[in-house]
Every structure is written in structure tokens, then in C-alpha cells.
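The block underneath contains the structure these notes are about, expressed in C-alpha cells.
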Amino acid sequence: MIPGFANRRRFKDLSEQEILALAISSEEDDARIYRSYAGLLRADYPASAAVFDGMAEEEDDHRRRLIDLHTARFGAVIPLIRREHVSGYYARRPVWLVENLGLARMRDEAAGMERDAQRFYETAAAQTSDAATRKLLGDLAAAEAGHGERADALADEHLAGDTRTEEEAAAHRQFILTWVQPGLAGLMDGSVSTLAPIFAVAFATQDTWTTFLVGLAASVGAGISMGFTEAASDDGQISGRGSPYKRGLAAGVMTTIGGLGHALPYLITDFWTATIIALIVVFVELWAIAWIQNRYMETPFVKAVFQVVLGGALVFAAGALIGSG
């Protein structure tokens, strides 16, 4: 038996009182999540924070209506039952997971939360026999379904004029500075700087396992170095580039990936087969870097290709010549 799952209740086995209690705790959790989003956004995106404040107030109103109905039917003592106590019940992603993905992701997550709540109320209404309870649950299902319109109304109220465009532009810029720029720098460093040692060892020894070990060491070492360098070089307070830990993570992971891309083919025992595949991978990596530069950094594609391919070719040539000599 999986620990933590054995004691979960099936939704169809819940009593009407327990269904109301579950709805109350769920509305409380959702209001808390929306207020957390608002708190995270308030400094940089005050208008969007106001939208989430309004959505939290809507959830508070739902919770009050549910409590009033529970009090009228079952008394003031509400059973302690939460979504994690019910098997198959929808779960919410942790706020810390969503907050790292920016403003647009928070908005998408909120829309998904409303859809989940709508389905819950529809299912709960179908399972209850009391007319007043069924009516309230049905009304709440309709309210959750209409929250998209309510969110749009709040957005129109708080994101009037150019505010939405300005916030989205600011969020996009922050995404570029925090994730794309350090990640691109890491990918370039991992893809290009490791070419020389990997191919030098490859042509010097023609031993695929040795080449792979050197490539693995170079990639992981470069990733650790780039990650620490990025995190330590700028705390983001003055530059506005965001959390140094996020930037360090992006740079370190992408550096490692960039190096491992053309090191992994040397797990193949045949030297020339591994080398040809590694060269193909290098070609794909360099074109990917050029595409990212063009897509996110607005570098003209031809210029990006020239810079990346020329630089990669020179580093590769250096490694091959040194290894062959």
C-alpha cells in the first residue's frame, strides 16, 4: 500500500456535510493562493495584483455562502476535510512553483483553478439530494464558469489603457533578463568552449570512452563554474536582472547541456560513427543558439548565424588540429 493514500476517502463516499466542508476548505485555499499571487506581483505589476485581489474576494464570498448553508443544515462545527484527504480530488500546484514562471503563467494557472472548481461543484451538486444545497452548489459551479468573464471585467477595470501592454512587456523583459540571457550565455559557453577539449582528445586518442569522460568532466565543470559565476557576479538589485539563484541555475544547467550534447555520442564505441554524430549535434546546437538569439534577443538571423557558426568552427578547428598534432 502506498503511504498516505490508504486513508484517503473516495469522493462518492463523502456525506453532504463533508462535501460542504471540502468546498469550504477549497475556497479558503484558493483565496489564499490568489492573495499570494497578488503579493508576489504587487511591487512590479500592481494592476495585475489588484485583479488577483478581486478574485480572492470572490472566493471569500463563496466560502461565506457555503459556511452559512453548513451552519443552517449541520451547525457551526465544520469537519476538517481538505483536498488531500480525498482520492482523485484535484490538486493545486505550489505557489513557489508557479511564481518562478512569471505573470502569464499565474494568469493561466488561475484559469485552470476556476475550471477545476467548476467541475467539482457540478459533480458535488449531482451527488446531493437537499434542494438548497444542490442549488447553491449549482450556483457556485455557474459562478466558477463565469469567473473568466469576471476576471476579464477586473482586468478591464484595473488594466485599462496601456497598463496591460506595459505589464506584459515588463514581464517579457524580466523573463529575458532572468532566464533567457543567462541560459543563452551558458548554452553558448557549453556548446562552443567544450568543442576544443572534446575533439582534441577525440582525435589524439581515438578512444571513445576517454573522450566521453573528458567531455563529461568539461561539461559538468563548466556548468558549475558558469552557474556560480552568474549568481555571484550580480545580485540583481541594481541591474534588475532578477534572482541570482535563478540566473545561476539557468546558466549552469544550459552550460552543462551544451557540453553534454556532443559528448554523449562518444558512448558509441565506433570512433568515426561517434564523431560524425557529435558533429551533427554540434551543427544543431549552433543553429539552436542562432535561433534563440534571433527569437529572444532580436539579433538579425544572418548575423547570429555568422557569429555562432564562425566562432564554433574556429574552436572546433583548434581542437581538431591540436588533437591531430
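Please determine, by comparing only the residues of segment 122-141 that are loosely packed, with under 13 Cβ neighbours inside 10 Å and free of Cβ contacts under 8 Å to residues at least 40 places away in the same chain, which one is nearest to the chain's Cα centre (by Cα). Selected residue: Ala126. Within segment 172-192, take every residue that is touching a residue at least 24 places away in the same chain (Cβ under 8 Å) and over 20 Å from Ser233 (Cα atoms) and give me the one that is surrounded by the most Cβ atoms within 10 Å (Cβ to Cβ). Among those residues, the one meeting the criterion is Ser191.
Condition check ((1) among the aromatic types (Phe, Trp, Tyr); (2) in the same structural domain as Leu177 (by TED's automatic domain parsing); (3) more than 14 Å from Gln181 (Cβ to Cβ)) across all residues:
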site: Pro265; (1), (2), (3): no, yes, yes
site: Ala274; (1), (2), (3): no, yes, yes
site: Phe283; (1), (2), (3): yes, yes, yes
site: Met297; (1), (2), (3): no, yes, no
site: Pro300; (1), (2), (3): no, yes, yes
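Could you tell me which of the residues Asp13, Asp60 is surrounded by fewer than 19 Cβ atoms within 10 Å (Cβ to Cβ), under 19 Å from Phe120 (Cβ atoms), out of contact with any Cys (no Cβ under 8 Å at 6 or more places or on another chain) and without any contact (Cβ under 8 Å) to a residue 12 or more places away in the chain? After applying the criteria, what remains is Asp13.
Just one of the numbered conditions (1) polar (S, T, N, Q); (2) closer than 30 Å to Gly242 by Cβ; (3) in contact with an Asp or Glu (Cβ under 8 Å, 6 or more places away or on another chain) is not true of Ser193: (3). Exactly one residue out of Gln181, Gln118 is in the same structural domain as Arg35 (by TED's automatic domain parsing), out of contact with any Gly (no Cβ under 8 Å at 6 or more places or on another chain) and at pLDDT 70 or above: that is Gln118. Quick one: which residue in Phe316, Phe271 is modelled with pLDDT under 85, under 22 Å from Trp209 (Cβ atoms) and surrounded by 14 or more Cβ atoms within 10 Å (Cβ to Cβ)? Criteria check complete, one pass: Phe316. Can we say Pro94 is of a type outside the set (Phe, Trp, Tyr), closer than 26 Å to Arg35 by Cα and at pLDDT 75 or above? For Pro94, the condition - of a type outside the set (Phe, Trp, Tyr), closer than 26 Å to Arg35 by Cα and at pLDDT 75 or above - is not met. Among the residues of segment 67-89, none qualifies, meaning not one is free of Cβ contacts under 8 Å to residues at least 40 places away in the same chain and surrounded by 14 or more Cβ atoms within 10 Å (Cβ to Cβ).
Being more than 19 Å from Ala141 (Cα to Cα), over 26 Å from the mean Cα position of the chain (by Cα) and of a type in the set (D, E, K, R) is a condition met by at least one residue of segment 67-86. Checked across segment 279-293, the condition of being touching a Pro at 6+ places or on another chain (Cβ under 7 Å), under 16 Å from Ala196 (Cα atoms) and in a helix (DSSP H, G or I) holds for at least one residue.
In segment 274-313, the qualifying residues are those that are loosely packed, with under 14 Cβ neighbours inside 10 Å and of a type in the set (Phe, Trp, Tyr), and the one that is nearest to Gly259 (Cα to Cα) is Phe283.
When Thr256, Thr299, Thr275, Thr269 are screened for being among the hydroxyl-bearing types (Ser, Thr, Tyr) and within 25 Å of the chain's Cα centre (by Cα), only Thr256 passes.
The values are calculated or read from the model by the stated rules, or taken from the named source; none is laboratory data. What you see is a predicted model, and the numbers here were worked out from it, not measured in a lab. Glycine also receives a Cβ, built like all others from the backbone with ideal geometry; neighbour counts cover every protein chain displayed.
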